[in-house]
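**Q** One structure is given below, represented as structure tokens, and several questions about it will come after.
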Amino acid sequence: MALTPEPRTEGLWDRAAAGFSQKERSHLFQTIYPVLQDFCVQSLGWQTCPAEMLWDLWLPLAMQLRDWQQDLQRPLIQGILGGQGTGKTTLAAILTQILHVLGLQVCQISIDDLYKTYADRQRLQQADPRFRWRGPPGTHDVELGIALLQRLRQGQPVEVPRFDKSAYGGQGDRTSPEPLAKADVVLLEGWFVGVRPVEPIAFETAPPPIETEADRAFAREVNDRLQDYLPLWDLLDRLIVLTPTDYRYSKQWRREAEQRMIVAGKPGMTDAEIDRFVEYFWRSLHPELFITPLLGQSSAADYVIELNASHQPIQLYRPQLYRP
């Protein structure tokens, strides 16, 4: 007997976006579910693939990407923005699997793959010790990213950069790139993909942990460095934003992840170390200052997916048309 999804006509996608043919959607569901089931169990370590999530969100979202790409008649450059723990990498991986079944070649890349080399980041840290961790604007090779997206957009073969986070005792460095002949869809995901600079005066009344003059000076420096990324963001055709209903969930999610690592016998950070780590990123690009503007009606984002404390999507909307 074929697996039949629970067709919730008031599901996430159906409330927020244009509908697709139920016949096509059902047919694709039957084809894709076995493939995604294997992927979720073998690659993601899940017990099963959630059928409702496939029916209600992942499949129609992939179908939307397919339609956008067909409308462009060239490779689609799709940005996926999400903070720590929002599942942006997992979403990109799942969309990749579905798009493959739909007959599309996909290039999945993280903003992390564009990090500067270990040597270059060491020089940056020596020049400005505030950049002690990789991640904030200034630690990436933006020109590399621009050249990559331009070639992909033109349908040319590329060497996709990859980054090994385990190199140099966890400091990370570039590893061998992946050759790719072409891609119909490019999924670029990262914790500040598509984020744009704010007016410097915003830091005068910034939320915690931006509290001291030194904090504000660092935030302004990162904000200035974010200008360099605008030509990269300009190459994005579309943007999807994953956001928790409370940005502070990311600290809770990080604790849960570290506890799982410790239980598995791997080294993990203490709660105090997690607080310092997460707050470092909030000081560099605070979610309330940089992510919140992407959730309103004037946003350039195409879809916003809101998540609850359990990582579950509870709201999907198009900012230009609807604001909850």
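The values are calculated or read from the model by the stated rules, or taken from the named source; none is laboratory data. Computed from a predicted structure; not experimentally measured. FYI the Cβ positions are ideal-geometry reconstructions off the backbone, even for glycines, and counts take in every protein chain you see.
**Q** Read through the list (1) touching a helix residue (DSSP H, G or I) at 6+ places or on another chain (Cβ under 8 Å); (2) in contact (Cβ under 8 Å) with a residue 40 or more places away in the chain; (3) in a loop (DSSP other than H, G, I, E, B), then give the number of the only condition that Asp246 fails.
**A** For Asp246, the failing item is (1).
**Q** Report the residue count in segment 36-93 for those that are crowded, with 20+ Cβ neighbours inside 10 Å and of a type in the set (Asp, Glu).
**A** 1
**Q** Still on this structure, I have one more. Quick one: Leu114 ticks every box in (1) buried (at least 20 other Cβ atoms within 10 Å of the Cβ); (2) among the aliphatic types (A, V, I, L, M); (3) over 15 Å from the mean Cα position of the chain (by Cα); (4) more than 24 Å from Leu307 (Cβ to Cβ) except a single one, so which number is it?
**A** Only one criterion in (1) buried (at least 20 other Cβ atoms within 10 Å of the Cβ); (2) among the aliphatic types (A, V, I, L, M); (3) over 15 Å from the mean Cα position of the chain (by Cα); (4) more than 24 Å from Leu307 (Cβ to Cβ) is unmet by Leu114, namely (3).
**Q** Also, quick follow-up: Only one of these is closer than 23 Å to Gly138 by Cβ, of a type in the set (Phe, Trp, Tyr), touching a Ser or Thr at 6+ places or on another chain (Cβ under 8 Å) and surrounded by 12 or more Cβ atoms within 10 Å (Cβ to Cβ): Phe218, Phe277. Name it.
**A** Unique residue meeting the criteria: Phe218.
**Q** Tell me the strands (runs of 3 or more DSSP E) entirely within segment 128-198 that contain at least 1 residues that are free of Cβ contacts under 8 Å to residues at least 24 places away in the same chain.
**A** In segment 128-198, the matching strands (runs of 3 or more DSSP E) lie at 158-164, 173-180.
**Q** Of the residues that sit in segment 160-198 and are within 27 Å of Leu242 (Cα to Cα) and β-branched (Val, Ile, Thr), which one is nearest to the chain's Cα centre (by Cα)?
**A** The extreme case among them is Val193.
**Q** Can you tell me which condition Lys116 does not meet? The list is (1) modelled with pLDDT under 95; (2) within 23 Å of Trp282 (Cα to Cα), and all the others hold.
**A** For Lys116, the failing item is (1).
**Q** Filter segment 58-75 down to residues that are over 16 Å from the mean Cα position of the chain (by Cα) and in contact (Cβ under 8 Å) with a residue 24 or more places away in the chain, then give me how many there are. Don't jump to the end; show me each part of the working.
**A** Looking only at segment 58-75, we keep the residues that are over 16 Å from the mean Cα position of the chain (by Cα), and these are 59-60, 63-64, 66-75.
From what's left, in contact (Cβ under 8 Å) with a residue 24 or more places away in the chain: 59-60, 63-64, 66, 68-69, 72, 74-75.
Adding up the residues that qualify gives 10.
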